[in-house]
Amino acid sequence: MEVFSSRHRAGAQIGCGIIIAGLGKAEDWIPQVRMRFEIVGNISEIETIAVGRAIRILPLLRKRYGEGRWRKMKGVANVRLSSGRIRLAELHWYEAHGIGRKEIKRKKYLD
């Protein structure tokens, strides 16, 4: 079961926010599901935050999803919350060529 994955369902992506708990190496961190949301429309204002070894959880990404040129990205999109409300939010995620977007997180609301 993939807790963090984004799934494509009728052109939409479903993601969930997470809380990372625990201390130590990235492999020891325990993810906990916090809130589910659906991305409505396209993600805009996409920027790269970090690449390769600059990503703190790189060992976890490689262990969970495989080798690749991992990038931490951010962008802005409308999201539909579990309550049905639609809000503009800043999203962060990790992606690698051939693997796709993983672990999409809502960081803050912009509206």
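The values are calculated or read from the model by the stated rules, or taken from the named source; none is laboratory data. These figures come from a predicted structure and were not determined experimentally. With ideal geometry, Cβ positions are generated from the backbone for all residues, glycine too; neighbour counts draw on all protein chains shown.
Key figures
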quantity	calculated
Check on E95, surrounded by 14 or more Cβ atoms within 10 Å (Cβ to Cβ) and touching a strand residue (DSSP E or B) at 6+ places or on another chain (Cβ under 8 Å)	yes
Flag for G41 being out of contact with any helix residue (DSSP H, G or I) (no Cβ under 6 Å at 6 or more places or on another chain), at positive phi, modelled with pLDDT under 95 and not in a strand (DSSP E or B)	no
Count of the range 44-67 residues which are part of a loop (DSSP other than H, G, I, E, B) and out of contact with any strand residue (DSSP E or B) (no Cβ under 6 Å at 6 or more places or on another chain)	4
